[in-house]
């Protein structure tokens, strides 16, 4: 990040994870503690990337407050929103997944949020049982240090489906945002036509899935039901948005009778309710075109994210270097403060 840029940024995607199952065992309760010990269950590898991949970065995912503090030293953020993806790797037992979500949230609150006032949490919930997901949100939603509910962008059922609507209602009731983060539970196909055979296909598919989830949220009327709901797409790119919205608006004009509850152009719902993080920034090679991409997306749609410790090269820096001061200020902190409100102020 250039030295002249403000340092009190709002970093909207910093990864963290408990170092081992031992960190969660005291927080699981007697039954699930015995379950884990008897089955020798272990946590999945922290982070979403396989070891050795260029995108993984050289540093491990922070596991405690000291490691997080060291990671944040470079940008000295005003606030850092934590993304813990550990639950993505938990198997399909909905009861176990709910217990793990509760343990992860307690771990984040006690080991991280209580020890560093800059940090803001993302509530982990199980997408296998929305009733227990809502039950997890209700008490934590009153803690202003939790800013959003974290869901994997890959889901068994599209996120616009009414199955998830009670979760969105609970989030909006507590002033929480919904964050759809890249990746998801192993075994869930990353494409609509089945599983991939290479990491490259799997990695690149996150932005495609994000586009479909955005279509689903608008078409199923999620944003029309609650004017206070906000959704963030994290680590899914953003350069794809203008073309998608152009096609979405165009086709809606022809088949709007199928979705009478979508009373405005789809793009208007998206620009009011949705934001996207800057990493990874899939930018054109020609420098002059970078600002054009941001203008087409809308600088107000973008939230700065370091995505620590993942490494996307210089895409984020290249983005900021081609923009004017006002747009840089908005992306680094202004947009997040407006979208998240009190939780990041």
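Data table
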quantity	calculated
Residues that are closer than 19 Å to residue 17 by Cα and modelled with pLDDT of 90 or more, drawn from the range 88-103	96, 97, 98, 99, 100, 101, 102, 103
Matching residues in the range 216-243 - criterion: being over 19 Å from residue 191 (Cα atoms) and not in a loop (DSSP other than H, G, I, E, B)	218, 219, 222, 223, 224, 225, 231, 232, 242, 243
Residue 213, sole failed condition from (1) touching a helix residue (DSSP H, G or I) at 6+ places or on another chain (Cβ under 9 Å); (2) at pLDDT 95 or above; (3) assigned to a helix (DSSP H, G or I); (4) closer than 27 Å to residue 282 by Cβ	(1)
Complete set of residues in the range 133-147 that are outside any loop (DSSP other than H, G, I, E, B) and either within 12 Å of residue 170 (Cα to Cα) or at pLDDT below 95 (or both)	133, 134, 135, 136, 137, 138, 139, 140
Yes/no for residue 246 being surrounded by fewer than 21 Cβ atoms within 10 Å (Cβ to Cβ) and modelled with pLDDT of 95 or more	yes
Odd one out for residue 167, checked against (1) surrounded by 14 or more Cβ atoms within 10 Å (Cβ to Cβ); (2) within 21 Å of residue 280 (Cβ to Cβ)	(2)
When residues of the range 161-186 are limited to those that are modelled with pLDDT of 95 or more and in a loop (DSSP other than H, G, I, E, B), the one nearest to residue 207 (Cα to Cα)	161
Qualifying positions in the range 294-345 - at positive phi and free of Cβ contacts under 8 Å to residues at least 60 places away in the same chain	298, 313
Only one of 87, 104, 128 that is within 22 Å of residue 42 (Cα to Cα), touching a helix residue (DSSP H, G or I) at 6+ places or on another chain (Cβ under 7 Å) and part of a loop (DSSP other than H, G, I, E, B)	128
Scope the range 188-215; condition closer than 23 Å to residue 136 by Cβ and without any contact (Cβ under 8 Å) to a residue 60 or more places away in the chain; matching residues	188
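The values are calculated or read from the model by the stated rules, or taken from the named source; none is laboratory data. Source: prediction; values computed, not measured. Backbone-built Cβ (ideal geometry, glycine too); neighbour counts: all protein chains shown.
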